[in-house]
Structure formats: structure tokens, C-alpha cells
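Heads up: the structure comes next, in C-alpha cells.
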Amino acid sequence: MTFRNNLYTVTGQQNQEGTARYDLELNAEHEIYKAHFPGLPITPGVCLMQMARGLLEDHTGLPLEITLVKNVKFLSVISPVEQPRITCSMSHIIVGESGVECRTQLSAPDGQVLAKLSFKCKKRDE
């Protein structure tokens, strides 16, 4: 399932070798929030992982699938109502023969860190 331009929209980006930064706007009207949770929408962790994977695909230009999640820390609830704008910063992006790996940090506009993710991907068969 593609979340870009559906669950979230990229409103800005800065890409350099080994790092990337994406400014995102969450769509509080997305179907996921109707179930997770009615009246108190919270972005599911699995959606945050898939968003990071999709942005890593954008950065590398490769179709990717997650093969290993090294570390996940959800430090604060991410609500599309309370925090409709977040930043996804990726560092230590390493593209090698065995795949792609990176460290990702999701943060609020005030700099508060909301989540930290570290994962590896392999090129997906299209």
C-alpha cells in the first residue's frame, strides 16, 4: 500500500549523499485513523515504518522491502490532529550490495523527537 499523497504529503525535502530530510503533512482524514482510533487518531507504528521505507525508496531510487528492523523507539504518540506536520530525517544511509540501511528520526516542528527507527532493506523484485 502506498501512503504518499494519501496518508501523508511531502511538503519539502533536502537530500544529500548519505542523508535525507523530508517535511511531511499527515492527512487526519485518512481511513487508517478511523480505526486507529475513532475520536483520538494515532499514527500506527507499522505505518511510520512503511512511510520511512517509502521515503528511503524516494531517496535511493530503488524499490525496497524491509528485511531487518534493528531498533524502534516510539517516544511520543504521533497524532495527525495534534502534530499534522512532522519531519523525517534519515542519516547513515548506506547503499551496498547486500541492500540499504539507515537510521531514521521523526520529529515535531519544535524539534521534539517522536520516534527513532533503524532498519535494513533489500531491493524488491518488481
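Read-outs: derived from the displayed coordinates by stated rules, not from any lab. The structure displayed is predicted, hence computed values, not measured ones. For neighbour counting, all protein chains shown are included, and Cβ atoms are generated from backbone atoms with ideal geometry for every residue, glycine included.
Odds and ends about this structure:
- For the chain, built as a Gaussian network whose Cα springs stay under 10 Å, the top-fluctuating residue of E82, E57, E101: E82
- Nitroxide proxy distance, nm - points 7 Å out along Cα→Cβ at S89 and K70: 1.8
- Considering only beta bridges that DSSP places wholly inside the stretch 1-110, some 95 percent are antiparallel.
- Formal net charge of residues neighbouring Y22 (Cβ-Cβ distance under 14 Å; K, R +1; D, E -1): 0
- Over the chain, relative contact order from alpha-carbon pairs under 8 Å, at least 6 apart, %: 26
- For C47, C88, order by how many other beta-carbon atoms lie within 10 Å, fewest first: C47, C88
- Its Cα centre serving as origin, the chain has a Cβ charge dipole (Lys and Arg +1, Asp and Glu -1) of approximately 360 debye.
- Put simply, the amide H of I78, placed in the peptide plane, has neighbours under 5 Å in T43, leaving out anything fewer than 5 places away on its chain.
- The shape of the chain can be summarised by an equivalent ellipsoid whose semi-axes, obtained from the alpha carbon gyration tensor, come to 24, 15, 13 Å from longest to shortest.
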